[in-house]
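Some notes on the structure that comes next.
Here, each number is a calculation from the coordinates, and none is a lab measurement. None of the values given here were measured: they were computed from a predicted structure. In this analysis, Cβ positions are derived from the backbone assuming ideal geometry, glycine residues included, and neighbour counts consider all displayed protein chains.
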């Protein structure tokens, strides 16, 4: 390309200007609301589900007194009431949230590291490795996520560990695809050629050059799929396959609650609301980070 | 190893081609980017390679460093043919050959810091330990006039384009190379920064006894830094020789056309309209038969379509690949 | 087909004290700081500067092409009619018919999903009451006029099927579709090879003569200005620092910045391995406030006064404007 001067400090290309999001108000923290608000919500959720139960006196989530069943909200000792067998709803919401969040987090971490590694290796090494890995993963991706998870969960049976395993079958190929695409793009960049010319060996290229550069993309993808994983886990539990009752998760609480939805709608509404807020928060955070890191 | 009087780099019959996939059904093709290029770079010399888009000059640079490997041909650097070496042996042989790229930001890993970037070659070849590497990095940054205390910890996005290029040059110098390939290394800069970087190259050449293979599209820049210049068109060399002679009395019609198209910062100069060439460069996918310049050459005749003109020596240090070169005594 | 091209010689574009402030995240960039110049019918003005000098931004401000967050003050009048602050609908009437612009990157300026012919026809029909057939015929004529061989066939092709030089010719054809009075070429040849660049510049000048247009071309290349412009305006850090007819400027360069530019250009007549005379440093940060002359920290002629007050652009010699407290005295022996 003939002489294309680049601005020394700022690309004053108007494309860059047009793309920059205009902050609602000027001021340092107002411009970070897009990240701050969902991040705060997520932190609150985690605090509520993981910290609060250990600190505050809360009724147990299981083994409730049947004689205290179906109490409404703001009953003595039960802030949000009890369910049809007398378990404290608030407690079940928080412990259930812990389970749901843990599961989704575990699945995402497995997806990120295992899937990310497979995808990056496949793309970087190319050739036969790539072909084999991708065909294998293609088979898994071809199944709709829910169907795949259902099939595996069904054969394994309910339980948190099994649920995580089943959902990982869905997550790993998707992350691998993502990582592979990112690595393919990266592989052709000039600094990769420059690094190879320095004599850097393959494993170091992968660890020090590829990994840090694809991580932001995988991370935002992970955040965005937190929501999806939580919903699928909820659906599995709702169908009786995920987390086994009486252990709570938001999904199986919705399953339980729908049996008596006309009489006690709150038993469905509360877990649904929490699930909704969690998914929304992760999605918003993922979107905000993606916008920021891409503009850069 | 090569004899002291032999060339530092001897490229023979280098060929690089790429397959192009057809677009949804339409025919694909082969891009004949470099089609039989041969030249030498002597120790201590700067050879400039000039060509426009599609000439294949950047592809040539990559093929020389084997990234990716050329289709055929030999690249003998300090006595070892890089095209025949693999793995560790290639790394060793290539150690004294380094490259600086066109886009300064793109040639540095955005997640690395300057210190890590410049020491990468040292780490890869296991030279020294942490402390000695740090001091070598400081030395290198000094060479390129960047204060190590201010720059070591920075990331590329905190630097200007000119500063990034200096970091890239420092990295290229880490292993004390004999030859540096500059692939359009100043083309992305404005005039003033470009001049700074060119001066840096020149200074390093004198201080460290470097040789360069300097690739650019700008004839004036190439002349500024080169002892000899090679003009490239569509994968082949047209003319090679010392720039003064070549620019004053070009032998190849393409060289003449290039010279005529350059605007000079002198408003009193008559624009040499009648010598600008017509037409567009043909695609390297389907280059013309015989001499590839014949479709735009005012001197072309039948023979030009049938026979590829070889690059032959005329008058001392000059070579030309043309059946009907511009000077009578040069024609066969 | 030719519109009667009777133009009385006179001012076409008058720009006065143009200021442009852009927003980038939480920073404000003063891209243009008080620009004043004139363009006359039939003349060619070259606006020369490095990246960040504000040359492109100022022309886009005149054309109304900046994002809505940009703050533009001052005046830009086309034959007396104020262009700044015009509502979009009104501005669209002028764009193409009176003012047109050719950009640097034809890859992004042409719609990749539309055939060439359709894009030109669309531009024509925007301003002229012609039927599709008539507009189409005119489009082919335009393609021929910009020296595209086999114009009839190219009419039906897509942008990706053409080379860079061809695409730029198509851009010019679109820009000229309705015979604008003023054509702005924003680094139109920067991305092209030098041989193609020469062809395109020759084409632009020829068309200018035929159509009696005024031509403003923006470039970082002073040599291009020397070869093709009647008048040159040099910009640095958002201001015009020197302006003069081309011959005058090159014969007596006054502004040290212009001189630095000239001296830093590699020349064919310099000996190999010579060092280029160069000024240190970098252009100033456009988002920083600046007191005094923006070039002061790099200027070889700097004096204490330069750091205190920014010199105004004034006419010091006939037809020669510059903004410097301590200009070069000796002419530059080109």
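Over chain C, dividing the summed -39,500 (n - 2.57) contributions of all DSSP H runs of at least 4 residues by the number of residues returns a 222 nm mean residue ellipticity of -9000 deg cm²/dmol. Projected onto planes of every orientation and averaged, the convex hull of the alpha-carbon atoms in segment C:24-96 covers 5.8 nm². Two numbers describe the Cα atoms of segment C:182-228: Rg and Dmax, which are 10.2, 28 Å. Please report the spacing between the Cα centers of segment B:203-240 and segment A:116-136 in Å, no decimals. If you average the Cα positions of each part, the centres end up 41 Å apart.
Note on residue A:201 and residue A:69: their simple-model spin labels are 6.7 nm apart, each label 7 Å out from Cα toward Cβ.
Over the residues of segment B:140-258, compute the C-alpha Rg and express it relative to 2.2 N^0.38 Å.
Here the Cα radius of gyration is 1.20 times the empirical estimate.
Can you give the translational diffusion coefficient of segment C:278-334 in µm²/s, computed by Stokes-Einstein from the Kirkwood radius over Cα pairs at 25 °C and 0.890 mPa s? Diffusion coefficient, whole number: 192 µm²/s. Take each residue in B:214-225, count the other chain C-beta atoms within 10 Å of its C-beta, and the mean is 4.
For the pair segment C:55-81 / segment C:138-185, the C-alpha centres are spaced 26 Å from each other. The Cα atoms of segment C:1-124 give a gyration tensor whose axes a ≥ b ≥ c have a/c of 1.5 or more with a/b no greater than b/c, which makes the shape oblate. Once both labels are positioned 7 Å from their Cα atoms along Cα-to-Cβ, the gap between residue C:153 and residue B:67 label points is 4.1 nm. The coefficient of translational diffusion for segment A:184-238, derived via Stokes-Einstein from the alpha carbon Kirkwood radius under 20 °C and 1.002 mPa s, stands at 159 µm²/s.
Evaluate the relative contact order of chain A (contact order divided by residue number), counting alpha-carbon pairs under 8 angstrom at least 6 apart; express in whole percent.
21
For chain A, a Gaussian network of Cα nodes joined below 10 Å ranks A:192, A:134, A:226 by mean-square fluctuation, and the top entry is A:192.
Reported value for segment B:1-144: 169 Å³ per residue, from the convex hull of its C-alpha atoms.
In chain C, Cα pairs under 8 Å separated by at least six residues give a relative contact order of 20 percent.
Taking Cα atoms only, the orientation of helix C:194-211 departs from the longest principal axis of chain C by about 70 degrees. From the Kirkwood radius over Cα pairs of chain C, Stokes-Einstein at 20 °C and 1.002 mPa s returns a whole-number translational diffusion coefficient of 102 µm²/s. Counting pairs of Cα atoms in the protein assembly as shown, how many percent are more than 42 Å apart? Tail of the P(r) past 42 Å holds 49 percent of the pairs. Per residue, the convex hull spanned by the Cα atoms of chain B amounts to 168 cubic angstrom.
Show me the three semi-axes of the equivalent ellipsoid for chain A, from the C-alpha gyration tensor (sqrt of 5 times each eigenvalue), largest first, rounded to whole Å.
Whole-Å semi-axes of the equivalent ellipsoid: 43, 26, 14.
Computed across segment B:64-123, the Kirkwood radius stands at 13.3 Å (inverse of mean 1/r, all Cα pairs). Counts of other chain beta carbons within 10 angstrom of each beta carbon in peptide C:50-59 average 4.
A straight line joining the Cα centroids of segment A:67-91 and segment A:227-253 runs 21 Å. When chain A is treated as a Gaussian network with alpha carbon springs shorter than 10 Å, the biggest mean-square fluctuation among A:105, A:74, A:186 belongs to A:74. Between residue B:301 and residue A:128, the FRET efficiency from the beta-carbon distance, with R0 = 41 Å, is close to 0.20.
In chain B, the DSSP-assigned H stretches of four residues or longer account for a calculated mean residue ellipticity at 222 nm of -9000 deg cm²/dmol, using -39500 (n - 2.57) per stretch and the full residue count as denominator. Springs between Cα atoms under 10 Å define the GNM used for chain C, and in it the highest mean-square fluctuation of C:19, C:220, C:127 occurs at C:127.
Length gained on full extension, residue C:69 to residue C:141: 22.0 nm, using 0.36 nm per residue less the C-alpha separation.
Using C-alpha pairs under 8 Å with a sequence gap of at least 6, the mean separation divided by the residue count of chain B gives a relative contact order of 20 percent. Each label was represented as a point 7 Å from its Cα along the Cα-to-Cβ direction; for residue C:134 and residue B:42 these points are 7.1 nm apart. Rounded to the nearest 10 degrees, the angle from helix C:164-176 to the longest Cα principal axis of chain C is 80 degrees.
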